[in-house]
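The values are calculated or read from the model by the stated rules, or taken from the named source; none is laboratory data. On a predicted model such as this, the values are computed, not experimentally measured, just so you know. Because the Cβ atoms are built from the backbone with ideal geometry, glycine has one as well, and the counts that use them run over all protein chains shown. Calculation scope for accessible area: heavy atoms of the full protein, side chains included, ligands and nucleic acids excluded. Shrake-Rupley method; radii C 1.70, N 1.55, O 1.52, S 1.80 Å.
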Amino acid sequence: MKIRTYKTADKASVINLLQLNTPEFFHPTEQKDLEHYLDHEVEDYFVVEEDAEIIGAGGINYFPEERTARISWDIIKPDLHGKGIGKKLTEHRINHLKNNKLIELIVVRTTQLVYRFYEKMGFTLTKVEKDFWAPNFDLYQMELKNKATM
């Protein structure tokens with residue numbers, strides 16, 4: 001298993017991962033949002049490869065004026081959930097941010113379906129908003145202090 005920087009040639013594979021996780025973890029309307037993100041909002045985005053297949057993806061967006069980074073668009077191939085891939089990808093991004101002394105806070109915006117995963121990674125729940133992403137997909141906003149600034 002290898003984590004590497006996303007390339008535009010990876011877009012179809014990342015969209016396929018989203019489709020494989022829809023409707024259980026993503027609402028069908030979110031595909032358009034992911035396509036827009038990949039085309040216009042990628043800052044740091046990574047893919048997880050195994051045997052030349054993309055099996056996971058996730059990014060980071062930066063808000064320097066707030067001294068914050070946001071973990072974004074985490075997607076793991078459904079038959080590999082619970083195998084530690086998401087943990088390795090999240091640790092990769094947290095470690096990437098540890099080198100950035102300008103980032104004090106790491107935020108993730110997720111749903112009620114997976115927020116416990118981020119709790120296990122050290123994130124603390126700070127906000128819940130019902131039906132934020134789509135009907136039955138609530139916002140669970142979570143935070144983690146960046147150890148680089150502590």
Of the numbered conditions (1) farther than 25 Å from ASP131 by Cα; (2) part of a strand (DSSP E or B); (3) more than 11 Å from the chain's Cα centre (by Cα), ASN100 fails exactly one; give the number of that condition. (2)
Would you please name the residue that is farthest from GLU65 (Cα to Cα), looking only at residues in region 122-150 that are crowded, with 16+ Cβ neighbours inside 10 Å and modelled with pLDDT of 95 or more? ASP138
Only one of (1) open to solvent by 40 Å² or more (accessible area, probe 1.4 Å); (2) within 12 Å of the chain's Cα centre (by Cα); (3) within 22 Å of ASP138 (Cα to Cα); (4) not hydrophobic (A, V, I, L, M, F, W, C) fails for HIS92. Which number is that? (3)
Pick from region 54-70 the residues that are touching a helix residue (DSSP H, G or I) at 6+ places or on another chain (Cβ under 6 Å) and within 17 Å of MET142 (Cβ to Cβ): which of them is surrounded by the most Cβ atoms within 10 Å (Cβ to Cβ)? ALA69
Please name all residue pairs, on different chains or six or more residues apart, with Cβ atoms under 9 Å, provided the first residue is in region 38-57 and is touching a residue at least 24 places away in the same chain (Cβ under 8 Å) and closer than 23 Å to LEU80 by Cα and the second residue is part of a loop (DSSP other than H, G, I, E, B) and among the aliphatic types (A, V, I, L, M). VAL48/MET1; GLU49/MET1; GLU50/MET1; ILE55/MET1; GLY56/MET1
